Amino acid sequence: MKFARFFDLAGLAMRWWQRHTHAASRLPLTVALVLAGIGMFAVGTGYTLLWREHVDGIRIHAAGLRNQIDVLQTIYLRANADFLEGFGTARQASFAWPVARVGAAVASFQQLEQGYANSPKDAATVRLLREETARWAWQLAEISVNARLEGQRASVDSARLLDANRLLEQIVAQLASLREAQTAILHAGSESANQHIEIEGIVLALSALVACSLLGYAFIAHYREGLARQRVRVIAEEHERRFQGYFEHHPLPMLIFDVDTLQIITANRAAATQYGTTRDDLCARNMASLYAQADMAAFRRDLSKMHSTATSSGAAGICRQRRADGTPVYVDLSFHFLTYAKRKACFITAIDVTERKRAELALRLRSRALDAIGNGVLISRAEEDGEVIEYANPAFERITGYALSEMIGHDYASLCGGRSERELLPQIRASIAKGSDSTVLLQSRRANGAPFWNQMDMASVSDERGALAYHITVVSDLTELIESRDRVVMQARRDALTDLPNRLTLRELVDQAIKEERGFALLFMDLDRFKDVNDSLGHGAGDRLLRKVAERLSACLGSDSVVTRYGGDEFVAMLGRPHEDGRLAALLERVTHAFEAPVSLDDTQLRVQMSIGVACYPADGADAETLLKHADLAMYEVKGRGRNGIERFKRNLADAADQRIALLRRLRDAVDRNAFELVYQPQIDVREHRLCGVEALIRWRDPQIGTVSPSTFIPLAEENGMIEQMGEWVLHTACAQAKQWAHIYPRLRMSVNVSPSQLAREDFCDVVRRALAASQLASPQLELEITESALVVPGALPALHTLNQMGLSIAIDDFGIGYSSLSYLRTFHADRLKIDMSFVRGIGVNRTDEAIIRAVLALARNLDFDIVAEGVESADQLAFLRASGCHVMQGYYFAKPLPAAEIPAYFARFEAASPIAYAAASAVSDR
Ligand code: C2E
Ligand code: MG
Ligand code: MG
């Protein structure tokens, strides 16, 4: 019954224990219980053994005491028997207590006294016994001593004997009592031992049972523990298998790497695809290979930060990695620290957000572009009754002057309240609704009411159902553009210098008149020698002169005529109905009259003359171009005739122009073929009677049009950009020729004419160097003749200085006929001045010319110039020049320009002739 209860309780405890203890904590508890069971068993057994030893000790002690008591009883009985036996003998006194017996009794008493050492009462009884024994022995001895022998029989004092017997009885009774006590102890010990043996059996059985139960439980627990462990292992393996499957097939890129070495331990397929490699390759890599050098430090920093935080998982945010081929990939990184394959590892998911990043960047860029763009951008929600503004960029605020807060939620048209918007916006919306984007230019108003030119480009944005949802309006403030365009249009139609209408306006007026078939005359006016004003007084003066001319022309023309600046120093006036009432003649008269008075420019009074060519519509041409060309031709005719005049266009002028064009074509061909030759005109030093030089002069004999004068084709070549090529040929040919003659006449100087446009070329000095190098001619034997106008060509002066330094001499040709500026003589010191033949021609005819010649000669002497007089044709001219101090001359009087082949013969004749026979020398063949 007791056992059943015990097992119930044990079962209950077991269930509680199982329910409330974890598998992990069960083992030590089990061990503790087993140890408790074994302990209980050991304690029970030990206690039983000790108790038994104790009880046995008591029993042995009692048995020992009882034995001693028995020994004493035997001693008494024998002493008494021996007393009785020896009674009546002579030795009867020593029979009861011999010494041996007394010794035995004393030994027994000592034993008893020791045995009862812990029991004072019994010890006192033993001491009493010892005294009584002694007393009894004494009584016996007295009896024996006092006995009287009466024959064979001895008589004793019976009273004493009775006392002795009583004492013996008392002693025996006390001994019996002591013995009984010990016997009782022995009995009690036996009984107690028996009872204990029973209890021992029970305790041992119970201990064995508890120990067995606990051992059984321990065994079962161990077994169950094993089962649990196995189950855990199976579950773990299942988890591992599931994890592997989940990991490998998961669409998100995942990988696990060693936190210490950064070695990638494993990676799934998605990761391999993302990084553009195989799983094996990825697993052989280190995390560092997924980062560019520059990003690696950030990765390490993030990793240690993540590692140091208390959480084992988290998000590291977006970072930049790179694929196997080096291209960057932006990933959103999540991490989880774990132990994997017994290593400290980090599990990461790296979601490719490159596209999102790009999209974000694109969005940011677009948003930034919207902020930065100079055009206003407006996003408005299309409502039935208007456009509700949802967004406006800073430029829109800047252009319109409205703050964004004022605009949001308002209707655009009502805001920028121009009437044009209100009228136009519905139209624009309607056209957008039909699917086309729309652009309009209109005048809007800013917040402060100021108008501005607004180019509005509107586009629609549909919602997901395709319905119109928003409008995007780009507002471009074109105010400045339109105003500057208007300005440009104005400027394009007017001449900036004179503020007269320009040639474009003239063209429009002419075209318009022709279209309306209204008759008109064009007066093409070109200032005579305007270039000289520019060259001598400077371009500023030239401009001022043009403005004054423009003012005078405007003043003298009526309201029905227009004067325009055609370009340079050319003005064109257009006069309606020229033939009515002599209107044209009257106009020409007014123009001529207008310039009779000189124009004052600073301190200079300039007489302005002009060459005017007239062409009339419809007589002289059917279109603007022809009419202008014909008026120009008529003007050139005036120029050709010596300037300062008026010429009406005639048919033959057009023919001459045509001829000019034909000539140009032939000239171009001749230049290409170098179809020229050089003739050489001697220069004579009359004082020394010496041929000091020759001037090379170009000749062109065309097979179709015959010989053409250089005065005709040289300007043509200059105007049409052919002079450089032609001039180079002249230089090379003349130098080569001079070299040939050098051995006949070593001091001969070769003079070559150079056009201003040749001198303007940057490489002109190189051209000269090449000619000298090619011919091997010494540079002092070469002289270049330039006109005064060449001195003002940009870059001419440095080139002339260089040429001078190269050893060449420079002569100023035709000196005195241009707007000669003596200041040029100061900036550049030429070697020679060639007095123009027009002055020589005046010798003996015109005193002014003679005076000029004398003045030039005096100037030359003072400034240390050599002088050559050109075009000397007569002995008088020669005589005048010699008398005036000019000794070097060139002219038909001495020789006409000669072909190279004739020069040696001329030299020979010249040297043979006497100094006064110059006339004879001039009698050479006329070339
Ligand atoms: P220029 O340099 O002043 O040459 C002198 C011109 O006067 C030459 O005319 C010559 O034949 C002519 N002449 C010389 N003595 C007399 C004379 O006593 N009476 C008259 N009436 N004329 C005389 P040409 O050869 O017709 O040359 C005309 C101009 O053509 C030259 O004037 C020169 O400026 C230019 N020219 C000639 N050849 C060349 C050349 O090779 N290159 C360049 N750039 N210009 C050249
Ligand atoms: Mg010349
Ligand atoms: Mg000349």
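Read-outs throughout are calculated quantities, based only on the coordinates presented, and are distinct from any laboratory measurement. Quick caveat, the model's predicted, so the values are computed rather than measured. Using ideal geometry, Cβ is built from the backbone for each residue, glycine included, and neighbour counts are taken over all protein chains shown.
Here the extension length gained between Leu252 and Tyr223 equals 6.1 nm, from 0.36 nm per residue of separation less the Cα-Cα distance. Derived scalar couplings between HN and Hα for the stretch 772-787 equal 5, 5, 5, 8, 6, 7, 6, 4, x, 8, 10, 10, 9, 9, 10, 8 Hz in order, rounded to whole Hz, by the Karplus curve 6.51 cos²θ - 1.76 cosθ + 1.60 (θ = phi - 60°), x for Gly and Pro.
In this structure, the amide hydrogen of Glu570, modeled 1.01 Å from its nitrogen in the peptide plane, lies closer than 5 angstrom to no residue at least 5 positions away or on a different chain.
Checking the a/c ratio against 1.5 first, then a/b against b/c, what shape does the Cα gyration tensor give for the chain? Intermediate results must be reported in sequence, preceding the final value.
Numbers: a/c = 6.54, a/b = 3.65, b/c = 1.79.
Prolate.
Pair-distance distribution of the stretch 306-364: all C-alpha pairs, bin width 10 Å, starting at 0; shares per bin in whole percent are 21, 40, 28, 10, 1.
Could you check what % of the DSSP bridge pairs in the chain are antiparallel, to the nearest 5?
Of those bridges, close to 80 percent are antiparallel.
Taking amide hydrogens as placed 1.01 Å from N in the peptide plane, the amide H of Arg446 sits under 5 Å from those of Phe452, each at least 5 positions away in sequence or on another chain.
May I ask for the equivalent-ellipsoid semi-axes of the stretch 713-847, computed as the square root of five times each C-alpha gyration tensor eigenvalue and listed largest first in whole Å?
In descending order, the three semi-axes are 24, 19, 15 Å.
Under 18 Å of direct C-alpha separation, and excluding same-chain neighbours fewer than eight residues apart, Lys739 reaches these aspartates and glutamates: Glu677, Glu695, Glu728, Glu783, Glu902.
Applying 0.36 nm per residue to the separation of Ala372 and Ala851 and subtracting their alpha-carbon distance, the gain on full extension is 164.7 nm. With Cα atoms defining each centre, the stretch 363-390 and the stretch 452-525 are spaced 29 Å apart in the structure.
Do the sum for the chain: with -39,500 (n - 2.57) for every DSSP H run of n ≥ 4, divided by all residues, what is the mean residue ellipticity at 222 nm, to the nearest 500 deg cm²/dmol?
-18500 deg cm²/dmol
Rounded to the nearest Hz, the phi-derived 3J(HN,Hα) couplings of the stretch 173-180 under the Karplus curve 6.51 cos²θ - 1.76 cosθ + 1.60 (θ = phi - 60°) are 4, 5, 5, 5, 4, 4, 5, 4, where x marks glycine and proline. Per residue, the average separation of C-alpha pairs within less than 8 Å and at least 6 apart gives the chain a relative contact order of 5 percent.
Provide Leu553, Leu678, Leu663 in ascending order of the number of other Cβ atoms located within 10 Å of each residue's Cβ, fewest first. Working shown, then result.
Numbers: Leu553 24, Leu678 20, Leu663 16.
The order, fewest Cβ neighbours first, is Leu663, Leu678, Leu553.
Extension gain, Ala879 to Glu113, is 255.5 nm, computed as 0.36 nm per intervening residue step minus the present C-alpha separation. Computed from phi, the 3J(HN,Hα) profile of the stretch 802-809 under the Karplus parametrisation 6.51, -1.76, 1.60 (θ = phi - 60°) reads 4, 4, 4, 5, 6, x, 6, 9 Hz, with x in place of Gly and Pro. Can you list the aspartates and glutamates whose alpha carbon sits under 12 Å from that of Lys342, skipping same-chain ones fewer than 8 residues off? Within the straight-line cut-off, Lys342 pairs with Asp258. Kindly state, to the nearest 0.05, the FRET efficiency for His196 paired with Leu128, given R0 = 60 Å and r defined as their beta-carbon distance. It comes out at approximately 0.95.
Ordering Val99, Val708 by the number of other Cβ atoms within 10 Å of each residue's own Cβ, fewest first, gives Val99, Val708. Counting only lysines at least 8 places from Lys344 when in the same chain, those with an alpha carbon closer than 17 Å to its own are Lys305. Restricting the calculation to Cα atoms, the stretch 122-227 yields a radius of gyration followed by a Dmax of 32.4, 110 Å. Pairs from the list Lys548/Lys629; Lys515/Lys650; Lys548/Lys834 with a Cα-Cα gap above 31 Å: Lys548/Lys834.
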